[in-house]
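Presented below is the structure to which this report refers.
The values are calculated or read from the model by the stated rules, or taken from the named source; none is laboratory data. This structure is a prediction, so every number in the text was calculated from the model and none was measured. FYI the Cβ positions are ideal-geometry reconstructions off the backbone, even for glycines, and counts take in every protein chain you see. All accessible areas refer to the heavy atoms of the entire protein, side chains included, with ligands and DNA or RNA removed. Shrake-Rupley method; radii C 1.70, N 1.55, O 1.52, S 1.80 Å.
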Amino acid sequence: MQFHILTLFPEMVENGLQTSILGRAIQKGLIGIHAVNIRDYTQDKHNKVDDYPYGGGAGMLMQAQPVYDAWKAVAKPAEGKKPVRVLFMSPQGKTFSQEMAKELAQEEELIFLCGHYEGIDERVIEEIVTDPVSIGDYVLTGGELPAMVMIDAISRMVPGVLKNEDSGVTESFQENLLEYPQYTRPEVWEGKKVPDILLSGDHARIDKWRLEKSKERTKARRPDLYEKYDLSGRALEYLLKNKMLHMDMIEDIRRGKADILAVREDGVLTKDRSGGVYRITAKTKDAGERLLSLTDPTGAVYVCHQKFVLTSILERFGLKNFNECYQVIYPKKKAPDLPEPDEAVEIRELDETYAANVEAHYHLYHDEAYIRERIASRQMIGAFLDGELAGFAGVHNDGGMGMLEVLEPFRKRGIGSLLEVEMIRRELAAGHVPYAHVFVENEISAALQKKSGMRFASGSVFWVS
Ligand code: ADE
């Protein structure tokens, strides 16, 4: 990995990064540090690189020309390669983090631009900078220390730089946990003894103890990080306490479709990635309100799992309309048997030539584009009698089964059951727990669900948009 640093103080960066682990990494050729003196590129006969700001104000600004020419000297976009990212060290940038270090360590080359004085002419920043980065909310006299901090953190993520391959991965900040406490000899120091378990030689128990300590520490010292730790594990732990009511949220997480926005002791908030639906469950009205405040209500669709959360949503956005649904789940692993209707019914996946026909017969609000997308995603099936479409069903983009409709002339002939059971079988085959949301007023569907082996969660879910 090659680092180019555009700076007025090249010796500061070069000297600062030559020792210890990074020094060794340079010698081994794992990283390269190339400081470029911006002053070498000035066209001013007095070697000047700064001037007064237009409009007045304190201090001097670095001029565009020498910065631009220094950048041109190192950037040299190679044929067919993407341009090298230019990181501008600035308190106005995105805050540097371990995650960013890991991401930047994937690059082959990086250019760091270090400002000095009061800053740099905006025009050259606009021209060359790809990523403005800050190392924290304080102002330093220049960008050299931030560049060194970043280069240190990025380098240790480069394979081979750390002696112990794992240690870059397992310690502080990985998985959003702080590191557990560590001890070395002597066993007793100033009357303080090393915890017994670390002397036990039982590595499984030691690992468990360390994880517990990490969690305890993170919770106490960095509650902001702990909120992000093992979100899916903690969300599932909460949701599984009422599995039936939460099956939509559980399945969203298990199918890898949910962004988990918050897991608290009193509630969980997720956002479905494909359907864009916010799902909320909460123990109290207050807890629900706190979760709601984390959502962006513009064009949002909410599914809430308690009546008091529904009330909060309606009050908050001045809404009246909502849909109350039963959450129905197929609880077994074994697929239900396909019913055998009296007539020869063929069930097959629909292709896009059926989109308009489905749209014309589907009693709910979706448009043809939605139906087309569901068909293209191979999530719709049709029932055919003598080659004619008699009914259809599918899986919504939010993961629930639905869109079941039997066309008028074909009703009361067992086709609904057949479609429902086939959907259950397909969902099971995909490794899903089949579930659906059924409008409470849709008695026909509720009866069909029951007959097909679906079980009803106690408590309703509410859709609001
Ligand atoms: N330059 C001056 N202060 C800085 C900071 N906090 N982060 C990055 N660059 C800076």
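When every residue of region 130-139 is checked against the conditions, none turns out to be open to solvent by less than 10 Å² (accessible area, probe 1.4 Å), at pLDDT 95 or above and more than 11 Å from the ligand (Cβ to nearest atom). In region 138-155, the residues that are closer than 20 Å to Asn37 by Cα reach residues that are near the ligand (Cβ under 7 Å from one of its atoms) and small (Gly, Ala, Ser) with C-beta atoms within less than 6 angstrom, at least six apart or across chains, in these pairs: Gly143/Gly115.
Scanning region 142-159 for residues that are more than 17 Å from Glu109 (Cα to Cα) and more than 7 Å from the ligand (Cβ to nearest atom) yields a total of 2.
Checked against the criteria, Thr295 counts as among the hydroxyl-bearing types (Ser, Thr, Tyr) and surrounded by fewer than 20 Cβ atoms within 10 Å (Cβ to Cβ). If you filter region 28-74 down to residues that are among the aromatic types (Phe, Trp, Tyr) and surrounded by 13 or more Cβ atoms within 10 Å (Cβ to Cβ), you find that the one that is nearest to Lys163 (Cα to Cα) is Trp71.
When region 232-248 is filtered for residues that are out of contact with any Asp or Glu (no Cβ under 9 Å at 6 or more places or on another chain) and surrounded by 22 or more Cβ atoms within 10 Å (Cβ to Cβ), the ones remaining, listed by number, are Ala235, Leu239, His246, Met247. Scanning region 112-129 for residues that are within 15 Å of the ligand (Cβ to nearest atom), at pLDDT 95 or above and either under 15 Å from Phe3 (Cβ atoms) or exposed (fewer than 15 other Cβ atoms within 10 Å of the Cβ) (or both) turns up Phe112, Leu113, Cys114. Checking each residue in region 327-355 for being over 15 Å from Leu419 (Cβ atoms), open to solvent by less than 50 Å² (accessible area, probe 1.4 Å) and either part of a helix (DSSP H, G or I) or hydroxyl-bearing (Ser, Thr, Tyr) (or both) picks out only Ala355.
Counting the residues of region 420-452 that are open to solvent by less than 20 Å² (accessible area, probe 1.4 Å) and within 35 Å of the chain's Cα centre (by Cα) gives 10.
Against the definition (surrounded by 18 or more Cβ atoms within 10 Å (Cβ to Cβ) and part of a helix (DSSP H, G or I)), how does Ile371 come out, yes or no? So Ile371 fits the description; yes. Residues in region 207-214 include none that are part of a helix (DSSP H, G or I), of a type outside the set (A, V, I, L, M), touching an Asp or Glu at 6+ places or on another chain (Cβ under 7 Å) and closer than 30 Å to Val433 by Cα. For Tyr229, the stated conditions do not hold, so it cannot be described as assigned to a loop (DSSP other than H, G, I, E, B), exposed (fewer than 15 other Cβ atoms within 10 Å of the Cβ) and aromatic (Phe, Trp, Tyr).
Residues are listed down the side, and each one gets a yes or a no for (1) more than 19 Å from Ser97 (Cα to Cα); (2) modelled with pLDDT of 95 or more; (3) open to solvent by 60 Å² or more (accessible area, probe 1.4 Å):
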{"residue": "Glu171", "(1), (2), (3)": "no, no, no"}
{"residue": "Asn176", "(1), (2), (3)": "no, no, no"}
{"residue": "Thr184", "(1), (2), (3)": "yes, yes, yes"}
{"residue": "Lys192", "(1), (2), (3)": "yes, yes, yes"}
{"residue": "Leu198", "(1), (2), (3)": "yes, yes, no"}
{"residue": "His203", "(1), (2), (3)": "yes, yes, yes"}
{"residue": "Ile206", "(1), (2), (3)": "yes, yes, no"}
{"residue": "Glu216", "(1), (2), (3)": "yes, yes, yes"}
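Within region 9-27, identify whether any single residue is touching a strand residue (DSSP E or B) at 6+ places or on another chain (Cβ under 9 Å) and open to solvent by 80 Å² or more (accessible area, probe 1.4 Å), and answer yes or no. Yes, some residue in region 9-27 is touching a strand residue (DSSP E or B) at 6+ places or on another chain (Cβ under 9 Å) and open to solvent by 80 Å² or more (accessible area, probe 1.4 Å).
Residues in region 82-106 that are more than 16 Å from the ligand (Cβ to nearest atom) and surrounded by 17 or more Cβ atoms within 10 Å (Cβ to Cβ): Val84, Ala105.
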